[in-house]
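Colleague: Just passing along the structure, written as structure tokens.
We did not get these values from a lab; they are worked out from the coordinates using the rules stated. Note that the structure is a prediction, hence the values are computed from the model and not measured. Cβ atoms come from the backbone with ideal geometry, glycine included; neighbour counts cover every protein chain shown.
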Amino acid sequence: MQERRKFLTVLSATAATVGLTQILGCGSDEEAGEGASQPTGGINGGKATDVTVGSLKKLEGQKILLGRDAQGLYAMTAICTHLQCDMSGSDGVLNNEGILCVCHASKFDKIGNPLGGPAPSPLNHFALTVGADGSISIDTSKKVASTTRTAVAG
């Protein structure tokens with residue numbers, strides 16, 4: 001009788017977890033599969049003059065976060081390292097402290113290092129170039145260190 005009770009308790013907890021995951025829309029097959037995959041190749045990051053020092057922004061229609069600090073521009077994934085929620089949309093909040101994944105309350109600093117919550121690792125950074133006209137191109141097929149920056153004139 002006690003083993004049956006334990007089995008039913010585990011079964012109920014599992015069902016509740018699956019139900020909550022579906023309600024939140026995080027960790028689903030769609031999101032963890034192709035929906036959460038990072039696009040590859042050159043991604044248009046806009047103009048360097050549109051990214052101010054100290055800022056961090058979502059690139060519309062992309063799963064990329066673009067930032068700028070005193071050393072220059074950097075780009076990183078907007079996919080949370082916990083259960084791959086897409087923080088470029090409503091699952092992510094950017095503020096002065098950094099990034100919050102609202103799916104499961106993972107927190108990252110402005111350069112993608114985990115500060116709290118269940119996220120086990122930092123966000124991946126990607127190679128970024130600035131053309132002569134100031135246009136930003138992000139190559140998600142090339143990962144770089146989180147300290148890598150692209151200098152911007154002016």
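Colleague: Please list, in chain and number order, the residues 5+ apart from Ser88 or on another chain whose amide H is under 5 Å from its amide H, with Hs placed from the backbone.
Modeller: When sequence neighbours closer than 5 places are left aside, there are no close amide H contacts.
Colleague: Using packing as a proxy for protection, rank 65-74, 108-117 so that the peptide with the highest average count of other Cβ atoms within 10 Å comes first.
Modeller: The peptides rank, most packed first, as 65-74, 108-117.
Colleague: Around Ile99, what is the net charge, scoring Lys/Arg as +1 and Asp/Glu as -1 over all other residues with Cβ under 14 Å from its Cβ?
Modeller: +1
Colleague: By counting other Cβ atoms within 10 Å of each Cβ, how are Ser141, Ser88 ranked from fewest to most?
Modeller: Ser141, Ser88
Colleague: Oh, and also: In nm, to one decimal, how far is the modelled label at Asn95 from the one at Ala145, with both set 7 Å along Cα→Cβ?
Modeller: For the pair Asn95/Ala145, the computed spacing is 3.2 nm.
Colleague: How large is ³J(HN,Hα), in whole Hz, for each residue of segment 132-139 in order, when computed from phi with the Karplus curve 6.51 cos²θ - 1.76 cosθ + 1.60 and θ = phi - 60°, using x for Gly and Pro?
Modeller: So the J values, rounded to whole Hz, are 4, 8, x, 6, 9, 10, 10, 10.
Colleague: How far, in nm, would the chain grow between Ser137 and Val53 when pulled straight, counting 0.36 nm per residue and subtracting the alpha carbon separation?
Modeller: Result: 28.4 nm gained on full extension.
Colleague: Which ³J(HN,Hα) values in Hz, rounded to whole numbers, follow from the phi angles of segment 76-86 under the Karplus curve 6.51 cos²θ - 1.76 cosθ + 1.60, where θ = phi - 60° and Gly and Pro get x?
Modeller: After applying 6.51 cos²θ - 1.76 cosθ + 1.60, I find 8, 5, 9, 9, 4, 7, 7, 10, 6, 5, 8 Hz.
Colleague: May I ask you to evaluate 6.51 cos²θ - 1.76 cosθ + 1.60, the Karplus curve with θ = phi - 60°, for each residue of segment 92-105 and list the ³J(HN,Hα) values in order in whole Hz, giving x for glycine and proline?
Modeller: Calculated HN-Hα couplings, in order: x, 10, 9, 8, 4, 7, x, 10, 10, 8, 6, 4, 9, 6 Hz.
Colleague: Still on this structure, I have one more. Quick one: net charge of Ala48's neighbours, Cβ under 13 Å, K/R +1, D/E -1?
Modeller: Result for the local shell: +2.
Colleague: If you stretched the chain out fully between Thr129 and Lys107, how much longer would it get, using 0.36 nm times the residue separation minus the C-alpha to C-alpha distance?
Modeller: Answer, rounded to one decimal: 5.2 nm.
Colleague: Could you pull out every residue, at least 5 positions away or on a different chain, whose amide H is within less than 5 Å of the one on Lys63? Hs are placed 1.01 Å off N in the peptide plane, and Pro or chain starts have none.
Modeller: Residues meeting the criterion, in which the H sits 1.01 Å from N, do not exist here.
Colleague: Also: Under the rule of at least 5 residues apart or a separate chain, name every residue whose amide H is placed under 5 Å from the amide H of Gly42.
Modeller: Amide H to amide H, under 5 Å and 5 or more residues apart or across chains, Gly42 pairs with nothing.
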